[in-house]
């Protein structure tokens, strides 16, 4: 059965409806309508807009996971014992070129160098910038 879900990502102000199949959850989700486009994503058709917003959201999630896996000082545990990013210590934004810029409070230079290398290896160079 196909369903429509309305998605408001935490990486921008877009609101997007996407379709997915409850009988085949591994099939790719398909953007159906851009209900609201933020300034960074205005002018994209549904397919490109959904792909760009999804890429940015997944890039942020992957970068945060790499940070929590490698820099325990920037992670905290949920009530269920899951390690998540400590948002009091880590913030982010997307610059004008849609590069993800992550700021980790009081990060040591060696930790910053190491996590940047890990992120570059796993996500790609020039997609995420780690600042202290």
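What shape does segment 79-118 have by the C-alpha gyration tensor, where a ≥ b ≥ c are the square roots of the eigenvalues, rounded means a/c under 1.5, and otherwise prolate means a/b greater than b/c and oblate the rest? Before the final figure, lay out the partial values.
Values: a/c = 1.99, a/b = 1.28, b/c = 1.55.
Verdict is oblate for segment 79-118.
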Checklist outcome for this item: With Cα coordinates, the longest principal axis of the chain makes an angle with the long axis of helix 46-70, in degrees rounded to 10, of 30 degrees
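Note the full-extension length gain between residue 84 and residue 109 as 0.36 nm times their separation in residues minus their Cα-Cα distance, in nm to one decimal.
6.8 nm
What Kirkwood hydrodynamic radius, in Å, does segment 1-42 give when the mean of 1/r is taken over all pairs of distinct Cα atoms and then inverted? Walk me through the numbers before you get to the answer.
Values: mean 1/r = 0.0916 Å⁻¹.
So the Kirkwood estimate lands at 10.9 Å.
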Checklist outcome for this item: Tilt, helix 109-123 to longest principal axis of the chain (alpha-carbon atoms), in degrees rounded to tens, equals 30 degrees
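Quick one: compute the contact order of segment 2-131, relative version, from alpha carbon pairs under 8 angstrom and 6+ residues apart, as a percent.
RCO, segment 2-131: 16 percent.
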Next on the checklist: Quick check on the chain: helices-only [θ] at 222 nm, where DSSP H runs of length 4 and up contribute -39,500 (n - 2.57) each and the sum goes over total residues. Nearest 500, please.
Outcome noted: -10500 deg cm²/dmol
Next on the checklist: Which of the three applies to segment 8-74, rounded, prolate or oblate, going by the alpha-carbon gyration tensor with a ≥ b ≥ c and a/c under 1.5 meaning rounded?
Outcome noted: oblate
Next on the checklist: At 25 °C and a viscosity of 0.890 mPa s, what translational diffusion coefficient does Stokes-Einstein give for segment 44-84, taking Rh as the Kirkwood radius over Cα pairs? Give it in µm²/s as a whole number.
Outcome noted: 210 µm²/s
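No lab work stands behind these numbers, since they all come straight from the coordinates. Being a predicted model, the structure only gives us computed values, none of them experimental.
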